[in-house]
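Below is one structure, written out as structure tokens, with a few remarks after it.
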Amino acid sequence: MTNEQYLVVSYFCVATTAVVVGFAAYFWLRAPLHEVAAALPWKALRELLLRLFPAGIVLPALLGFVSVSYRGCNRQEYEKIIADRSYLVSKGQEQISASLTHVVWAVFVWCALIAILVAIERRFDHRAATSPAENK
């Protein structure tokens, strides 16, 4: 296999891996998100969260993949890029790493969003449970 063929095959394999990582994270976290969303009192927000969640996990995986550029300081031309197999391998590894990192950050953002919504819900729930005389 030539380096050019390796570049094409590895690019699509790494892209597929990034998509699989995104969907794996989505399927792993889907049930817990549904449980937390079901506890939220706001129906429209609940539905919005459930609709945005797949894209909010899979797209960061793809963004991590495409964020890695094969062009570097010393490799501006296509011929120089495909001349070194170890460079192609390292860029593929960098793409996988970037995809995983982006998914981790996306999960952190979703966790923070859910934590904020739960805190707001508990605060409103606490205020509703107390009598008006106690709120003064």
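For this structure, a couple of remarks:
- The stretch 29-44 residues that are closer than 12 Å to residue 117 by Cα, paired with ones that are basic (Lys, Arg) (beta carbon under 7 Å, 6 or more apart): 37/46; 40/46
- The listed residues are 128, 106, and the only one of them that is loosely packed, with under 10 Cβ neighbours inside 10 Å, closer than 29 Å to residue 36 by Cα and either of a type in the set (Gly, Ala, Ser) or modelled with pLDDT under 95 (or both) turns out to be 128.
For (1) at pLDDT below 95; (2) surrounded by 12 or more Cβ atoms within 10 Å (Cβ to Cβ); (3) under 29 Å from residue 123 (Cβ atoms), each residue gets a yes or a no:
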{"residue": "20", "(1), (2), (3)": "no, yes, no"}
{"residue": "23", "(1), (2), (3)": "no, yes, no"}
{"residue": "28", "(1), (2), (3)": "no, no, no"}
{"residue": "34", "(1), (2), (3)": "yes, yes, yes"}
{"residue": "42", "(1), (2), (3)": "yes, yes, yes"}
{"residue": "49", "(1), (2), (3)": "yes, yes, yes"}
{"residue": "59", "(1), (2), (3)": "no, yes, no"}
{"residue": "66", "(1), (2), (3)": "yes, yes, no"}
{"residue": "69", "(1), (2), (3)": "yes, no, no"}
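- Matching residues, the stretch 71-92, being surrounded by 13 or more Cβ atoms within 10 Å (Cβ to Cβ), within 23 Å of the chain's Cα centre (by Cα) and free of Cβ contacts under 8 Å to residues at least 40 places away in the same chain: 91
- Of all residues in the stretch 86-115, those satisfying the criterion of being within 15 Å of residue 8 (Cα to Cα) and either part of a loop (DSSP other than H, G, I, E, B) or among the hydrophobic types (A, V, I, L, M, F, W, C) (or both) are 88, 89.
The values are calculated or read from the model by the stated rules, or taken from the named source; none is laboratory data. Computed from a prediction, not measured in an experiment: that's the story for all the values here. For neighbour counting, all protein chains shown are included, and Cβ atoms are generated from backbone atoms with ideal geometry for every residue, glycine included.
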